[in-house]
Each structure stands twice: as structure tokens, then as C-alpha cells.
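Quick notes on the structure that follows.
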Amino acid sequence: MSRHTDRHLGLTKIQAVPEIQGGFLALQRALVGVALDVSIFDDSWHAPQRRVIGPGMRVCTSLVDIARTCQRDYLLCGGTMEFESSGALHVLWVRIAVSSGESRLVLGPKKADSGLLLVDIIMKEDQEKANLSIMFRDVASLSATYDSCMDITLIGLLSGAATEMDCNAWAVIRLRGNVCNLSAENSQLIKGNDGSSVLYIHSYTAEELGKIHIDISK
């Protein structure tokens, strides 16, 4: 079925697919939708109100703070950025550009009033070598996926669709490329419905004190 606007442009109606299946969120449509929008990785992008976090600096903010201040864009160049989960029903999207130096991104424990944070990370190509250490706190396990067709990695999948996806991961991180070096040898291989899409999945297990570290370098 198609519909037309007053300019006679055809709009195709997409058949609805249940978002909840068997009591769990159906991740496939959500992840595909996120992966399709890769325009956010445009290196020419510049935020006029980007907050810079340099060496020795540590900035901690919550979902409530982000929603109140509308501060969504950050430049990490040797400092530490920590997000705290307080903010019930808040679904927020932030963008972090990682420049030179040793930077850290910390996702705090999931609280009773946790919202959902979506984080896009850009490793800037025009800068000298940069390293980013991503740490999730208070999680037993954490999953990372790499879609070879979209060339996108997602870290911290939403809760419950499979046992390897930890329900305490309240944030999803998206990066361009196979930054976790996933392959058929070190992860689970899943093929798409059309047989062409390949998805690698790997589950990380927490260290002592319930922390998981994932290091990213450009």
C-alpha cells in the first residue's frame, strides 16, 4: 500500500513487526535501525557547544543533568567522562569525539530509576594516536556486536533477549568499524534473514568488583 502527500510523493507503508516477542524486546529491528543511520560518523561535524574534557579532568553527569542542560556533545582528549544512570523514562543520545591522549568513559551502575543512554563515539582521524578505555560498572557480563555489512560495533546491548546480554547494561555505545576485533573464531556468528548480513556477538565477563573494561585505539 502507498500514500501520497499534496506533492504526490509516494510513501510506502511498512508492515508492522511486534517489538515485544516472548516477553522481551525484539532487538533486531532496534539494532538495524540504529546501524542504518551512519551519518553521525561524519568527521566534518562540529558542535558549537561541545564540552572539552582534557588531561586530568573528570566530568560526571546523570541522565537528569543531560535532560536539564541539553548538553549532548563532548570532546575527550585525555580526561574521564562518567555517566550516571539516574533519570527514569529518559532516553537520551549523546555524542563523544575522542582526540589525542588516554581517555576514559565510565558507565555507572544501573539504579532503580535508570533511564537509557545511547552513546555515539567518534575516534577522530585527524588527530595523533588516541586510546579510549570504556568501563561498565556493576555488570556481570556485557555483549558487543559487530555488523560486517554496516561496519558498526555496538557495545552494551539492551536487556534480556539472550542469556549473554546482561540486563544491568543501561547504555548502548556505537562506534564505526570492528573496534573489538570480533570474528567467527572469538564470537558467535549470526546470519541475517536474507543470508547476506553477518553479525558477530561476543560476551565479556566482569572482573573483580563487577567491572568490565574494553579498550579502543585508533
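The values are calculated or read from the model by the stated rules, or taken from the named source; none is laboratory data. These numbers were taken from a predicted model, which means no experiment stands behind them. Keep in mind that these areas ignore ligands, DNA and RNA; they rest on the heavy atoms of the full protein, side chains included. Shrake-Rupley method; radii C 1.70, N 1.55, O 1.52, S 1.80 Å.
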Lysines with Cα under 21 Å of K211, excluding same-chain neighbours fewer than 8 positions away: K110, K111
Relative contact order of the stretch 63-133, pairs being alpha-carbon contacts under 8 Å that are 6 or more residues apart, as %: 36 percent
Proximal lysines to K218, defined as alpha-carbon separation beneath 16 angstrom and excluding residues fewer than eight positions away on the same chain: K124, K129
Area of C70 that stays accessible when all protein chains are in place (1.4 Å probe, Å², to 10): 90 Å²
Solvent accessible area, Å² - R176, 1.4 Å probe, full protein context: 120 Å²
Evaluated at q = 0.17, 0.23 Å⁻¹: base-10 log I(q)/I(0), Debye formula over Cα of the stretch 97-154: -0.77, -1.13
In Å², nearest 10: area of Y204 left accessible to a 1.4 Å probe: 50 Å²
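On full extension of the chain, what length is gained from S148 through Q188, given 0.36 nm per residue of separation minus the C-alpha to C-alpha distance?
On the way: separation 40, 0.36 × 40 = 14.40 nm, distance 1.32 nm.
Result: 13.1 nm gained on full extension.
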